[in-house]
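*Asks:* Okay, handing you the structure first.
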Amino acid sequence: MKHKEMVYMTPMPVRIWHWLNAFGIVTLCVTGLQIRFPDHVNIFGAYKAAIRLHNTAGVVVSISYGLWLSYYLIVARSLVKLYVPTLDDLKSGILRQAYFYFLTYFVGKPNPHHSTPESKFNPMQKAAYLVIMFILLPLVIFSGALLMYVAPLRELLLLLGGIKLLVGSHFLLASCFTAFLCVHIYLATLGHTPFAHFKPMWNGWEEEMVEDAEPEKKTDTKLP
Amino acid sequence: MHAYNRMMRMFLAVFMLSAATVYAAVPENGKCMGCHGRKDVKSIAGNSVYIDPEKFTATTHSIVGCTSCHDRVSSGHPGDGSAPARAVCGDCHAPVSVEYAKSLHASKARCNDCHNPHEVRLPMFMSGDDINKKCAKCHDARKILKSHAKWLPQAELHIDSLLCITCHTGSQDYVITMSIESRLPGSKDAFKTATYEELAKLTSGDNIGRVIDLNGDNKVSLEELRAFNHHLRGKNMRLWGMMTPEVVTHSYQILENRWDCTFCHASGPKAMQKSFIAFPDKSGGYKRLAVEKGAILDILYGTPDFYMLGTTRSTPLNIIGALIVAAGLSFPVFHGFFRLLTRKNRKEDDHEA
């Protein structure tokens, strides 16, 4: 038999950042779609409204990224532990996790990774978040900031290959974020119930099913 | 009656003499320019009566001849002090005159305030910068920037890339016209349209189009455009693109649809594939060379300084972007499908992701 246990998985600052970021990135993707394809997409009415909303969301996501980075680096000091894959993760962890997602999940085997506040992410998540948070997001913020000030930054734009290359890179990075959103939201439904991973992102507490025979796990209130 | 005679003479002159040089075709031009082509000749009142022969030769007005407009010159001219008659522009340009009279601008400026009849040329033989300078004679550039910045995102960029008449007339058929600009001495980011003399130093012979048109076929290919951007960038030069109308009207007005960004930005990539490069000539005018169709959409250094949101987007990049998104979407679709098929294999409690 199993019983439910509640684990404080996601502290409030991280939750606020996550939803601010999520809302911002979805806004950026939708407004970006109208900005690039105005002859096919008109969601926000005036084109200028879409540009202004896109710029505002871009600034919000940039500030939110700065806060997230500061929180993990200065306050929680768990950035490396949570986000950087270990040698073991690289050697076998990622493959093991991929093997689970693509094969053993379908035959009913358990997830090889068990989330705890100190080790929230499985090796594949770590690798994906590392690329997203430390490569793609900084790049999309940087290219977006340059595109907001084309006239004064023209010389820098040319050094980087010109405005078209920059716009193209910004668009491809945005496509990567859209693809990531699809995978991210879907994978979040693979908990023991479809919403099991959504709840801790809302109230911080995650339900866990624990075998009765095990000594009852102490509820962990330590912030990661 | 005078107007009718002028019209007839103009048509005859244009049909009979259009291909010939001005002085040879209209002999009286030579007679007039004998004095008016000299800077030292002044009127009795001491005013300059100089007409730049090179600039005048390049105008259509030189083909119709001086006496088409100045048809009553006294036999005692210039000694008798009487000024020759002057034509009214509307005598020949009646439709333009009627159109202009209805515009907001009509009460503010006369034809001559914008167009010097001895230097006038069609917009396609002028640089965008020169056309905008005519507007700037009355409209203070700083005030214009300030008023546009109230509603127009990146106003400075828009004003630098557009002719005033692109938005403030009912002109039609827009193309991208690029001109070669040289960096102002001692400046990091200020450029001005390069002169004939500056470009002549970069190529041998009179054909300065060869600065970009390397094979001299009077067309600029994408490869030539890229080569120009790579090589001449180091020479403190750049290509600057502006959106210019092919059909210009004189219906100066504030058009409602120009407040809407989609007038330009939603025209789609097909609209902006036609582009030209304008080269200065010795007379102060410009000659255009057609650029390979679609070059304006190139992402690899074809026109690194020119991009119009929405309009000059790259189709190959759109396809790559769509494939990335499709790859992201395919995971939930396929994984979800097999998840559904194999749901009986799992006790939901055991399979957290």
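The values are calculated or read from the model by the stated rules, or taken from the named source; none is laboratory data. Every value quoted in this text rests on a predicted model; they were computed, and no experiment measured them. Quick reminder, even Gly has a Cβ in these numbers, built from the backbone with ideal geometry, and neighbours come from all protein chains shown. Side chains are part of the model used for accessible areas, which takes the heavy atoms of the whole protein and leaves out ligands, DNA and RNA. Shrake-Rupley method; radii C 1.70, N 1.55, O 1.52, S 1.80 Å.
*Asks:* If a residue must be open to solvent by less than 20 Å² (accessible area, probe 1.4 Å), of a type in the set (A, V, I, L, M, F, W, C) and either farther than 27 Å from A:VAL41 by Cα or modelled with pLDDT of 95 or more (or both), how many such residues does the range B:294-353 contain?
*Replies:* 1
*Asks:* Cβ-Cβ below 9 Å, separation at least six or inter-chain, first residue in the range B:309-327 and without any contact (Cβ under 8 Å) to a residue 12 or more places away in the chain, second charged (D, E, K, R) and crowded, with 16+ Cβ neighbours inside 10 Å: which pairs?
*Replies:* Close Cβ pairs (under 9 Å, with a partner that is charged (D, E, K, R) and crowded, with 16+ Cβ neighbours inside 10 Å) amount to B:ASN318/A:ARG36; B:GLY321/A:ARG36.
*Asks:* (1) open to solvent by less than 40 Å² (accessible area, probe 1.4 Å); (2) touching a residue at least 40 places away in the same chain (Cβ under 8 Å): which one isn't true of B:ARG288, the others all being true?
*Replies:* Status for B:ARG288: all satisfied but (1).
*Asks:* Restricting attention to the range A:180-197, report how many residues are open to solvent by 50 Å² or more (accessible area, probe 1.4 Å) and farther than 18 Å from A:TYR129 by Cα.
*Replies:* Going through the range A:180-197 one residue at a time, the tally reaches 3.
*Asks:* Here's another thing I want to ask about it. Consider B:VAL26 carefully, then state whether it is β-branched (Val, Ile, Thr) and modelled with pLDDT of 85 or more. Quick ask: steps written out before the conclusion?
*Replies:* Numbers: β-branched (Val, Ile, Thr): yes; modelled with pLDDT of 85 or more: no.
The answer is no for B:VAL26.
*Asks:* Considering the range B:312-329 alone, what residues qualify as being part of a helix (DSSP H, G or I), more than 7 Å from every other protein chain (Cβ to nearest Cβ) and under 39 Å from the mean Cα position of the chain (by Cα)?
*Replies:* First pass over the range B:312-329, keeping only residues part of a helix (DSSP H, G or I): B:315-329.
From the residues that got through so far, the ones that are more than 7 Å from every other protein chain (Cβ to nearest Cβ) too are B:315-316, B:318-319, B:322-323, B:326.
If the condition is that a residue be part of a helix (DSSP H, G or I), more than 7 Å from every other protein chain (Cβ to nearest Cβ) and under 39 Å from the mean Cα position of the chain (by Cα), then B:THR315, B:PRO316, B:ASN318, B:ILE319, B:ALA322, B:LEU323 are the ones that fit.
*Asks:* If you go through the range B:112-132, how many residues are farther than 15 Å from B:LYS55 by Cβ and surrounded by fewer than 17 Cβ atoms within 10 Å (Cβ to Cβ)?
*Replies:* Keep residues of the range B:112-132 that are farther than 15 Å from B:LYS55 by Cβ, which gives B:112-114, B:123-124, B:128-129, B:131-132.
Subsequent filtering for residues that are surrounded by fewer than 17 Cβ atoms within 10 Å (Cβ to Cβ) retains B:112-114.
Total satisfying the criteria: 3.
*Asks:* Any chance the range A:193-207 includes a residue that's facing chain B (nearest Cβ under 10 Å) and under 15 Å from the mean Cα position of the chain (by Cα)?
*Replies:* Scanning the range A:193-207 turns up at least one residue that is facing chain B (nearest Cβ under 10 Å) and under 15 Å from the mean Cα position of the chain (by Cα).
*Asks:* Let me ask another. Among the listed residues B:HIS105, B:HIS93, which satisfies the condition of being of a type outside the set (Ser, Thr, Tyr), surrounded by 15 or more Cβ atoms within 10 Å (Cβ to Cβ) and without any contact (Cβ under 8 Å) to a residue 24 or more places away in the chain? Spell out the reasoning first.
*Replies:* Working: B:HIS105 fails: without any contact (Cβ under 8 Å) to a residue 24 or more places away in the chain.
Just one listed residue meets the conditions, B:HIS93.
*Asks:* Something else about it: Sort out which residues of the range A:148-167 are open to solvent by less than 40 Å² (accessible area, probe 1.4 Å) and in a helix (DSSP H, G or I), and write them in order of number. Talk me through it step by step, then tell me what you get.
*Replies:* Restricting attention to the range A:148-167, the residues satisfying the condition of being open to solvent by less than 40 Å² (accessible area, probe 1.4 Å) are A:150-151, A:154, A:157-158, A:161-164, A:166-167.
Selection gives A:ARG154, A:LEU157, A:LEU158, A:ILE163, A:LYS164, A:LEU166, A:VAL167.
*Asks:* Looking at this structure, is B:ARG238 modelled with pLDDT of 80 or more, part of a strand (DSSP E or B) and facing chain A (nearest Cβ under 9 Å)?
*Replies:* Details: modelled with pLDDT of 80 or more: yes; part of a strand (DSSP E or B): yes; facing chain A (nearest Cβ under 9 Å): yes.
Spelling it out, B:ARG238 is indeed modelled with pLDDT of 80 or more, part of a strand (DSSP E or B) and facing chain A (nearest Cβ under 9 Å).
*Asks:* Taking into account only those residues within the range A:33-48 that are open to solvent by less than 50 Å² (accessible area, probe 1.4 Å), closer than 18 Å to B:ARG313 by Cα and out of contact with any Asp or Glu (no Cβ under 9 Å at 6 or more places or on another chain), which is nearest to the other protein chains (Cβ to nearest Cβ)? Walk me through it before giving the result.
*Replies:* Keep residues of the range A:33-48 that are open to solvent by less than 50 Å² (accessible area, probe 1.4 Å), which gives A:34-38, A:41, A:45, A:47-48.
Keeping just the survivors that are closer than 18 Å to B:ARG313 by Cα gives A:34-38, A:41, A:47-48.
After this cut, where a residue has to be out of contact with any Asp or Glu (no Cβ under 9 Å at 6 or more places or on another chain) as well, the list is A:34-38, A:41.
Working: A:GLN34: 9, A:ILE35: 6, A:ARG36: 6, A:PHE37: 7, A:PRO38: 4, A:VAL41: 10 Å.
It comes out as A:PRO38.
*Asks:* Looking at the range B:271-283, I want the residues that are in the same structural domain as B:VAL220 (by TED's automatic domain parsing) and closer than 18 Å to B:GLY128 by Cβ and have a partner that is open to solvent by less than 40 Å² (accessible area, probe 1.4 Å) and of a type in the set (Phe, Trp, Tyr) with Cβ atoms under 7 Å, at least 6 apart or on another chain. Which pairs are those?
*Replies:* B:ALA278/B:TYR286; B:PHE279/B:TYR286; B:PRO280/B:TYR196; B:PRO280/B:TYR286; B:ASP281/B:TYR196
*Asks:* Please list, ordered by residue number, the helices (runs of 4 or more DSSP H) wholly in the range A:58-147 having 1 or more residues that are over 21 Å from A:TRP205 (Cα atoms) and open to solvent by less than 30 Å² (accessible area, probe 1.4 Å). If you could, list the steps in order and put the result at the bottom.
*Replies:* On the way: elements: A:79-83, A:94-99, A:123-131.
Helices (runs of 4 or more DSSP H) meeting the threshold: A:94-99, A:123-131.
*Asks:* Further question: Consider A:ALA179 against the criteria (1) in a loop (DSSP other than H, G, I, E, B); (2) over 22 Å from B:GLY302 (Cα atoms); (3) within 8 Å of chain B (Cβ to nearest Cβ): it satisfies all of them except one. Which criterion is unmet?
*Replies:* Unmet condition: (1).
*Asks:* Something else about it: Working carefully through the options A:VAL61, A:VAL84, find the one that is in contact with a Gly (Cβ under 6 Å, 6 or more places away or on another chain), closer than 25 Å to A:LEU136 by Cβ and among the β-branched types (Val, Ile, Thr). Working first, answer last.
*Replies:* Values: A:VAL84 fails: in contact with a Gly (Cβ under 6 Å, 6 or more places away or on another chain).
So the residue among A:VAL61, A:VAL84 that is in contact with a Gly (Cβ under 6 Å, 6 or more places away or on another chain), closer than 25 Å to A:LEU136 by Cβ and among the β-branched types (Val, Ile, Thr) is A:VAL61.
*Asks:* Scan the range B:152-164 for residues that are more than 14 Å from chain A (Cβ to nearest Cβ) and out of contact with any strand residue (DSSP E or B) (no Cβ under 7 Å at 6 or more places or on another chain) and report the count. Quick ask: steps written out before the conclusion?
*Replies:* Step one: list which residues in the range B:152-164 are more than 14 Å from chain A (Cβ to nearest Cβ), which gives B:163-164.
Cutting the leftovers down to out of contact with any strand residue (DSSP E or B) (no Cβ under 7 Å at 6 or more places or on another chain) gives us B:164.
Result for the range B:152-164: 1.
*Asks:* Within the range B:140-161, restricting attention to residues that are hydrophobic (A, V, I, L, M, F, W, C) and under 22 Å from the mean Cα position of the chain (by Cα), which residue is nearest to A:PRO152 (Cα to Cα)? Reasoning before the result, please.
*Replies:* Filtering the range B:140-161 for residues hydrophobic (A, V, I, L, M, F, W, C) gives B:141, B:144-145, B:149, B:151-152, B:155, B:157, B:159.
After this cut, where a residue has to be under 22 Å from the mean Cα position of the chain (by Cα) as well, the list is B:141, B:144-145, B:152, B:155, B:157, B:159.
Values: B:ALA141: 17, B:ILE144: 18, B:LEU145: 15, B:LEU152: 16, B:ALA155: 12, B:LEU157: 9, B:ILE159: 14 Å.
Applying the filter and picking the extreme gives B:LEU157.
*Asks:* Can you say whether B:ASP173 is assigned to a strand (DSSP E or B), open to solvent by 60 Å² or more (accessible area, probe 1.4 Å) and either under 22 Å from A:ARG154 (Cα atoms) or modelled with pLDDT under 90 (or both), as far as the supplied structure shows?
*Replies:* On the way: assigned to a strand (DSSP E or B): yes; open to solvent by 60 Å² or more (accessible area, probe 1.4 Å): yes; either under 22 Å from A:ARG154 (Cα atoms) or modelled with pLDDT under 90 (or both): yes.
When the stated conditions are applied, B:ASP173 passes them.
*Asks:* Still on this structure: Residue check, A:VAL30 against (1) in contact (Cβ under 8 Å) with a residue 12 or more places away in the chain; (2) in a helix (DSSP H, G or I); (3) open to solvent by less than 30 Å² (accessible area, probe 1.4 Å); (4) more than 10 Å from chain B (Cβ to nearest Cβ), all met but one. Which one?
*Replies:* (3)
*Asks:* Taking B:LEU340, is it at the interface with chain A (Cβ under 8 Å from one of its Cβ atoms), over 23 Å from the mean Cα position of the chain (by Cα) and either assigned to a loop (DSSP other than H, G, I, E, B) or more than 28 Å from B:ALA200 (Cβ to Cβ) (or both)?
*Replies:* Working: at the interface with chain A (Cβ under 8 Å from one of its Cβ atoms): no; over 23 Å from the mean Cα position of the chain (by Cα): yes; either assigned to a loop (DSSP other than H, G, I, E, B) or more than 28 Å from B:ALA200 (Cβ to Cβ) (or both): yes.
When the stated conditions are applied, B:LEU340 does not pass them.
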